[in-house]
Amino acid sequence: MARDMYGAMTGSSAWMMAGTWDARRLALLFAMWVVMMAGMMLPSAAPAALIYGAVIRRSPEGGRATAHVYAFAGGYLLVWTFFSLLATVLQRVLANALLLSPMMESRDPLFGGVLLVAAGVYQFTPYKRSCLNVCRSPAEFLIRHWRPGVAGGFYLGVVNGLFCLGCCWALMLLLFVGGVMNLWWIAALTIFVLLEKVAPRGAQGGRLSGVLLAGMGLWSLARAFL
């Protein structure tokens, strides 16, 4: 779809160019967001899921370890599915307000600048640090929130997903700046989220990114007024 959108726009992305949006097109847009969030966010949940699976394999329920891990992933994805629903609604609101171009990226430097500054400032908030610390300590998370059984795995996935959402929601909104269908932008955000959670100095890198994002946002705002 991305290749077609930045190409002829006559293939798999042609439905996005519709003048009116019916239930079918909204469902396709929602499905696109769900798949995109799964692809972007599951890699950063892998440490928690793998540690959880290793613990289950050494427990009396070891024979059902696969079911536990799938339940964990399912709970995690449920949170990002809910985010995808909100993102779908927000995208249509922004498009109707003419803030997004047909390429699904910001067409207004003022709007883009506000999103960049907001994402940059959020990187320094206590709530961001708290959620990021949980995401960076999967073993501690499992000890604190442990629940037995497959249903417990689903619960753990939901809770882990909520912490992840608290950590990354502002970064995900930057898709409206660089382009919802821009694969380079998607890849960059995916890699950054992964490194922020697993790299040895990921927390410090997150704060540095806040400075860079805020600087980019201020530059965009300056362009809007000059």
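The values are calculated or read from the model by the stated rules, or taken from the named source; none is laboratory data. Given the structure is predicted, the values throughout are model-derived calculations rather than measurements. With ideal geometry, Cβ positions are generated from the backbone for all residues, glycine too; neighbour counts draw on all protein chains shown. Surface areas here come from the heavy atoms of the whole protein model, side chains and all, with no ligands, DNA or RNA. Shrake-Rupley method; radii C 1.70, N 1.55, O 1.52, S 1.80 Å.
Observations, loosely collected:
- Residues considered: Leu85, Leu94, Leu116, Leu98. Of these, the only one that is open to solvent by 50 Å² or more (accessible area, probe 1.4 Å), of a type outside the set (Phe, Trp, Tyr) and assigned to a helix (DSSP H, G or I) is Leu85.
- Helices (runs of 4 or more DSSP H) (entirely within segment 141-226) containing at least 1 residues that are within 19 Å of Leu42 (Cα to Cα) and modelled with pLDDT under 90: 183-198, 202-225
- For segment 60-82, a residue qualifies if it is charged (D, E, K, R) and either on the phi > 0 side of the Ramachandran plot or part of a helix (DSSP H, G or I) (or both), and exactly one does: Arg64.
- Residues (exposed (fewer than 13 other Cβ atoms within 10 Å of the Cβ) and assigned to a helix (DSSP H, G or I)) located in segment 17-49: Met17, Ala23, Arg24, Ala27, Ala31, Val35, Gly39
- Candidate set from segment 157-178 (those that are among the small types (Gly, Ala, Ser) and surrounded by fewer than 21 Cβ atoms within 10 Å (Cβ to Cβ)); member that is farthest from Leu116 (Cα to Cα): Gly166
- Looking across segment 50-64 at every residue that is open to solvent by 40 Å² or more (accessible area, probe 1.4 Å) and in contact (Cβ under 8 Å) with a residue 60 or more places away in the chain, the one that is nearest to Val159 (Cα to Cα) is identified as Ile51.
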